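Working notes, beginning with the structure itself.
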């Protein structure tokens, strides 16, 4: 009798073994697939964030430069009209440059928002160390250029003097953009690319 029960028990265990194997195999396949999906999704989001930041860099620089140049030219023409020529056509140039500047602000805001969204995705999908966090935060905090030195009627007596002022502001703008935006993006992108390459 004991042998009969033993034989039945062995038969039942042998029949359950494939079912247990299928269940364990399915569970392991599920876990592996889930981890693989999560890793692939993270890599895709990293690549997307990197591409967005690299792509938006030039657009943001152009937008920032156009707005600031329009501000410089607004001040230039306004001063020219008030202190050098009095020609009503010159003030029209100032008005047009001011309109151009104001017209670019919505586009700049849109690009800035896209940059911030991409930086947010970087914070979620990348391994963040102190240096990477510093670079991200500097881009969140980058200042907008403002014409801090307005034309001074006691120093500027001729159109040539005014042209020198405009050239100085343009050079100041180029340095500002390089230091406050371009260099910071150029510092961030290689750090992001390095993490993309590691995970491939």
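The values are calculated or read from the model by the stated rules, or taken from the named source; none is laboratory data. What you see is a predicted model, and the numbers here were worked out from it, not measured in a lab. When we count neighbours, we look across all protein chains shown, and the Cβ atoms used for this are built from the backbone with ideal geometry, even at glycine.
Could you run through segment 141-173 and say how many residues are under 25 Å from residue 57 (Cα atoms), modelled with pLDDT of 90 or more and surrounded by 13 or more Cβ atoms within 10 Å (Cβ to Cβ)?
4
Out of (1) modelled with pLDDT of 95 or more; (2) at positive phi, what's the single condition that is false for residue 86?
It fails just one condition, (1).
Which pairs have Cβ atoms under 7 Å, sit 6 or more apart or on different chains, and link a residue in segment 101-125 that is free of Cβ contacts under 8 Å to residues at least 40 places away in the same chain to one that is surrounded by 18 or more Cβ atoms within 10 Å (Cβ to Cβ)?
Once the first residue is free of Cβ contacts under 8 Å to residues at least 40 places away in the same chain and sits in segment 101-125, its partners that are surrounded by 18 or more Cβ atoms within 10 Å (Cβ to Cβ) give 101/67; 101/70; 101/71; 101/74; 105/67; 123/136.
Against the condition buried (at least 16 other Cβ atoms within 10 Å of the Cβ) and farther than 30 Å from residue 184 by Cα, how does residue 79 come out, does it pass?
Judged against the criteria, residue 79 is a match.
Hey, any hits in segment 163-177 for a residue that's over 14 Å from residue 49 (Cα atoms), in contact (Cβ under 8 Å) with a residue 60 or more places away in the chain and under 17 Å from the mean Cα position of the chain (by Cα)?
yes
With respect to residue 143, is the statement that it is under 23 Å from residue 74 (Cα atoms) and in a loop (DSSP other than H, G, I, E, B) true?
yes
Could you count how many residues in segment 88-111 are over 25 Å from residue 144 (Cβ atoms) and surrounded by 12 or more Cβ atoms within 10 Å (Cβ to Cβ)?
Residues flagged as over 25 Å from residue 144 (Cβ atoms) and surrounded by 12 or more Cβ atoms within 10 Å (Cβ to Cβ) within segment 88-111 amount to 3.
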